[in-house]
Structures are given as C-alpha cells and as structure tokens.
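The values are calculated or read from the model by the stated rules, or taken from the named source; none is laboratory data. Keep in mind the model is a prediction, meaning the values are calculated, not measured. Here the Cβ is made from the backbone with ideal geometry for all residues, glycine too, and neighbour counts use every protein chain on show. Note: accessible area is taken over every heavy atom of the protein model, side chains too, but ligands, DNA and RNA are not part of it. Shrake-Rupley method; radii C 1.70, N 1.55, O 1.52, S 1.80 Å.
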Amino acid sequence: MSYFQTSFEQQGAAVRVRFAPGVSREAALEVARLGCSRALVLSTPPQADGALMLAETLGASAAGVFTRAVMHTPVAVTEEAVAHALSVKADCIVAIGGGSTTGLGKAIAWRTDLPQIVIPTTYAGSEATGILGQTENGIKTTVTDPKIRPEVILYDAELVATLPVAMTVTSALNAMAHAVEALYAQNRNPISTMLATEGLRAFVSSLPAVVAEPAGLTARGETLYGAWLCGTVLGQVGMALHHKLCHTLGGSFDLPHAETHAVILPHATAFNARAVPELLKPVRDILGGTAPGAALHDFARRMGAPTSLRELGMAESDLDRAAELATTKPYWNPQPVDRQSIRRLLQAAWSGDKPDA
Ligand code: NAD
C-alpha cells in the first residue's frame, strides 16, 4: 500500500527522543545537554518514590521534587507547582509518570517557558504533543502552543515493566485510539499515516507478549515505541468522534480516562468504518478479520480489557444526556454525527456488544 497523497502539509517538531532500558538513569546528562542545572522533578502521589529515586540519580542537578500531580491538570495544583518551581529557582522540569504528570509539566512550561524532560510510565502519549488539557471550576479546556511541547523524551522500558497488566492494556488501547483516528484525520499526511500504521502494528505485536510476561523488557520497549508513534500523530493531526466521546464521558460522567478509550474505540471505529472503509484498512490488515471495529473489539477482549461502559460504572439512564452532550457542538467526523446514531452507539458500548462493522 502507498501512503502518497497528492497534496499535504507536515510540520515536524524539534524533540530529542531516546529509547533504552535504564535510560532514565541518564537524566542528569539530559539536564546538562539542555544547558540546565536545577531540575524540578514531578510525579503523582503514588509515584513519589520513583520521583525521589530520580532526584537522587540527578544528584546536584535536582533542585526540588513536587509529587502532587493529579488527573486533568487542575489549575490550582499548577499554580502551587509554579510557585514551588520559582522558589527553588528551577531551570527545567523532569516529569516522571503518565499523562497526568506530563500534563502538570506542560502546564508549568506554558506559564514559565521552562524546558521539559519527560520520562513516560504509561502509553498515553502526551509527552509527544504540544497540547495541554487543564481544568478550572470543573471545566476542561485545551491549549496548543509550541512552548507546551517537551524538548526531551526518555523512554525507559524498565519503568513501564511495573505498570499493572490491566492498566497496561487500557493505556495501550488509549494510545491505539490516537492512531486509528489519525488514519482518517482530515489533515492526515503520508508521514502521519505511516506513524499511525506502525504504532498500531507495534502494539498488536507486543501487547500479547507483555500480558503473558509483564516484566519482559523487549516487548515493553516495543509498546513504548508504539506509544511514541501514536502520541506523535495525536500531536500532528486532528481527532474526531472517538476522542470527542471519551472527552464527554470523562469530563461529564467522571469515567476513567484509559478505560473509557478502551471501551469506546471499537464502536467509534465501526461507526466511521461505514464512511471510510479504505482509510481504516490498516486496522484490518494488522488485526485480521473483515471489519475494523469488530477486530478491535476481539483484540481488546483477548487482552482482557473492559468492553462495556456498564463495567466502568456508568448508569444506563445517563446515556441520553451523554448523547446530547456529545452532539451539541458540531465537529468534523468522517461519518456525519447525529444524536440518534450516537445514542445507539453509546447503548452498544454500554452493553459491550461486538460491533458489526
Ligand atoms: P495517569 O497519568 O493519571 O496515571 C494513572 C495512575 O497510574 C496514576 O495514579 C499514576 O501515578 C499511575 N501510574 C502511572 N504509571 C505507572 C507505572 N508505571 N506503574 C504504576 N503506576 C503507574 O494516566 P494516563 O492515562 O497516563 O494519563 C491520563 C491523563 O493524560 C488524562 O488527563 C488525559 O487527558 C491526559 N492526556 C493528555 C494528552 C495530551 O496530549 N495533552 C494525551 C494523552 C493523555
């Protein structure tokens, strides 16, 4: 298959990416390569031990540790972290964790222009984008700015080797969702399609091995490679129905981020497969089967992912409101969106039905 398109635009980004088991132990070298000497280390509370170990590894180039990152990047926490960064005279950020910790680093960088080194421990892919989602007064807004994009990413398979299997699987499906939507993005280009296709292939080839042997560093490394590719396309092209639905379900019904992506992906893919079957052909080629949504459902089941919104604790009585919220503001999607069809999609996702497209 050729990825050529007769007309396209592609914007590359200046970011240094290093892959190797144990590479996070070279964070001090990366701080110095940035011309910095006072790093503020960030983490969530459950990953505070890892942040303290990293600060020890950084030695004299660690200026402080802030371990209060939380999901959805509340502005109040960011303001505390910015004050902390100023008080310790930090000249760069080192974020170790998943999308929540990366989000805090980006929020600080957006306000202070401090350079960022990110050491991802999930597959969410935020480290590879210049997008920041933050929350204030219960409302989540998104900002895109070159200042937000991290300068250095250190992908260390040893750090994801401890990610529990259930989180591994949902986080991987979260990443794969970026790639699936990139395949039909309006502003896709040959490079984004290549990255998306290779990102999907990397996860489909390595995830079963990780589920079978979670501590295996080679397969873990390949999942991180998939995360990098899928995160990169998330930062390059526009997302559509799938991300819109997950944003609505997470924001208004407090459903967990990665799990919601895992449940919705087969259904959003099947919905769009009716409009753009050719663009979704890489999903069929990689997963086998004749229908991309059904193939993703089977893969998610085999990996042990949740497959229904019911399992995630959503009330069936909330589906009407979810369909309404997800269709209030118009947005581009390959298959036109209306409230009735989204209501049907959500019902199938709530029940955990296998999609037929
Ligand atoms: P997360 O960062 O909230 O992590 C979930 C939990 O898992 C946390 O308690 C964390 O400490 C823990 N954890 C992380 N790695 C671990 C490991 N290796 N071992 C044990 N525990 C570990 O979850 P996430 O799914 O990575 O990120 C979700 C957030 O990222 C959401 O707010 C989402 O909106 C955001 N996000 C943003 C972008 C972007 O481009 N702006 C992209 C993707 C996700």
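Descriptive notes on the structure:
- If both residues of a DSSP beta bridge must be in the chain, then about 25% of such bridges are antiparallel.
- Accessible area of segment 247-324 belonging to carbon and sulfur atoms, whole % at 1.4 Å probe: 44 percent
- Relative contact order computed over segment 159-300 (Cα-Cα under 8 Å; 6+ residues apart), in percent: 29 percent
- Pairwise label distance in nanometres, residue 347 with residue 321, each label 7 Å out on the Cα-Cβ vector: 2.0 nm
- Amide H to amide H distances under 5 Å link residue 187 with 238, where only residues 5 or more positions off or on other chains count and H is placed in the peptide plane.
- Rounded to the nearest Hz, the phi-derived 3J(HN,Hα) couplings of segment 63-71 under the Karplus curve 6.51 cos²θ - 1.76 cosθ + 1.60 (θ = phi - 60°) are 9, x, 9, 10, 10, 10, 5, 9, 4, where x marks glycine and proline.
- Note on residue 57: accessible area approximately 60 square angstrom, rounded to 10, probe 1.4 Å, nucleic acids and ligands left out.
- Placing a label point 7 Å from the Cα of residue 33 along the Cα-to-Cβ line, the residues of segment 95-117 whose backbone N sits under 19 Å from it are 95-97, 114-117.
- Distance from the Cα centroid of segment 1-51 to that of segment 223-237 is 12 Å (rounded to whole angstrom).
- Relative contact order %, the chain, counting alpha carbon pairs below 8 Å whose residues are six or more apart: 15 percent
- Solvent-accessible surface (1.4 Å probe) assigned to residue 246 amounts to roughly 10 Å².
- Cα centroid separation - segment 304-330 against segment 337-355, whole Å: 9 Å
- Probe 1.4 Å, protein heavy atoms only - accessible area per residue of segment 198-357 in square angstrom: 41 Å²
- Area projected by the alpha carbon convex hull of the chain, averaged over all directions, nm²: 16.5 nm²
- Surface share of carbon and sulfur [accessible, 1.4 angstrom probe, percent] for segment 16-160: 56 percent
- A 1.4 Å probe over all protein chains sorts 4, 253 by accessible area into 4, 253, starting with the largest.
- Placed amide H near residue 63: partners under 5 Å, 5+ positions off or other chain: 39, 40, 41
- Charge dipole magnitude, Cβ of K and R +1, D and E -1 - segment 165-351, Cα centre, debye nearest 20: 300 debye
- Hydrodynamic radius (Kirkwood) for segment 165-351, which is based on Cα pairs only, to one decimal in Å: 16.3 Å
- Among the lysines of the chain, pairs at least eight places apart or on separate chains and with Cα atoms under 16 Å apart come to 5.
- Ligands, DNA and RNA excluded, the heavy atoms of residue 319 present near 0 Å² of accessible surface to a 1.4 Å solvent probe.
- Residue 137/residue 338 FRET efficiency (R0 35 Å; Cβ-Cβ; nearest 0.05): 0.70
- Each of the peptides 125-133, 10-18 was scored by the mean count of other Cβ atoms within 10 Å over its residues; in descending order, highest first, they stand as 125-133, 10-18.
- Cys residues of the chain counted as unpaired, since no other Cys beta-carbon is under 4.7 Å: 230, 246
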